[in-house]
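Below: one structure, written as structure tokens.
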Amino acid sequence: MTASDPEREQQVAPAAVSGVELSERLSAVLAQQSGSDVNVTQVCPLPGHAGMGFSFLADDGRAERKLVVRTIPANVPATGPADVVRQARIMQSLAGSRVPVPEILAFGDGSSVFGRPYFISEFVEGTALPAARANQTAVHARLARSGIEVMAQLHKVDCADMADAWGAPQALTNEFARLHKLFDRPTIDAGRSGRMTLLRERLLSAAPADFNSGCVHGDMHFGNMIFGPDGVRAVIDWEIAFCGSTLLDLGMLTFYADPEAGLPEHRYRAERWIISPGEMIDTYRAAWQTHLPAASIAWHRAFGGYRFAVITLFNEMLHRRGKKPDPMWTDVSRSVPTMVERSLEVLSELIG
């Protein structure tokens, strides 16, 4: 369970698509790129994607490769999290950096031979980290630390010269405005929100005036990383990446990993992140190698709690109204007041 962006979930709904049609479109794109016929087989949906993601085999007569295509339904506008071409450009911009990403082989808009926006990338083989504590070992803890180190490397990338892919730097007030838009509506169950308004006011009053602006993944947790035996092989799912305060990524993940940020019956959810918030912060500091104010880290941790609390209530509303059924959010929303109180506690260490 993570705070996948609710706007992404609304914009990019799954849609039925013919495997034969996809194979033909993919063959046409790859043939146009390579100048020779390409046979596409074994088109399979990828798990966990709100949009349309498929793996497939491509054989040009010389070699066979396993690839991935991401696209969107024909009736969905290619904007925001549904802008798959932007995602491709973001991953391309990181090629050659210390942030491993899948190689982008092709991408295009709706005027392309594919007929709708898409990108094709390599399929990165690897494994996920186990969510249950009983299955976790010291090796998995080492891999988790490598994920934090990759996060720090991403945050060192200067996005100032990559506006075509990442967009202009965003102020923290933009994130507040986006979340307030989700929360401030009559269909939200305010009875589950606890002292959310107080938390928002205190976060606004204590917001850091000076922060490192750089590449932000937006949902950078271990579930969006593909691991090999020596570390991270690829970071995936760049739908909500942007240029902004880089500690937003660290703040969100350390909040997920905080066992005190939920009811006792929900605290097991923190186990899936393997290492503690403190170890995450220590690992990040060591990889960052320059001074990081403790107050700024604390603020971003508290903001991570505010963000997840808002998104939880928004998803509970979507479930309750039958727009996006998922009973998990009804259960998790019971922890929202605890999330808020934990965030206020973390913030009190900063502002007293």
Reachable lysines, given that their alpha-carbon falls under 20 Å from the alpha-carbon of Lys181 and they are not under 8 places away in the same chain = Lys323, Lys324
Simple label model, 7 Å out from Cα along Cβ direction - Ala295 to Asp109, nm = 4.6
With Cα atoms, 0 to 90° folded angle of helix 19-34 axis to the chain main axis | 80
Gap in Å between the Cα centre of the range 215-277 and the Cα centre of the range 115-181?
-> 8
Cβ charges +1 (Lys, Arg) and -1 (Asp, Glu), total dipole of the chain, debye = 640
Multiply the residue gap between Thr173 and Glu265 by 0.36 nm, knock off their C-alpha separation, and tell me the result in nm, one decimal place.
-> 29.8 nm
Provide the FRET efficiency to the nearest 0.05 for the Asp60-Lys323 pair, computing r from the beta carbons and using R0 = 51 Å.
-> 0.70
Antiparallel DSSP bridges in the chain: what percent, to the nearest 5?
-> 100
Measure nothing but the geometry: give the 0 to 90° angle between the long axis through the Cα atoms of 277-288 and the longest principal axis through the Cα atoms of the chain, rounded to 10°.
-> 60
Within the range 285-329, trypsin sites (Lys or Arg not before Pro) in DSSP loop having at most 10 other beta-carbon neighbours inside 10 Å = Arg321
Mind giving me the FRET efficiency for Thr127 and Ala286? R0 is 22 Å, r the Cβ-Cβ distance, nearest 0.05 is fine.
-> 0.35
Nearest 10, in degrees from 0 to 90: the angle of helix 336-351 to the longest Cα principal axis of the chain is 70
In what sequence, highest mean first, do 204-214, 62-72 appear when ranked by Cβ atoms within 10 angstrom?
-> 62-72, 204-214
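Every number here is computed from the coordinates shown, using simple stated rules; none is lab data. This one's a predicted model, so the numbers in the text were calculated from it and none came from an experiment. So basically every Cβ, Gly included, is an ideal-geometry build from the backbone, and we count neighbours across all protein chains shown.
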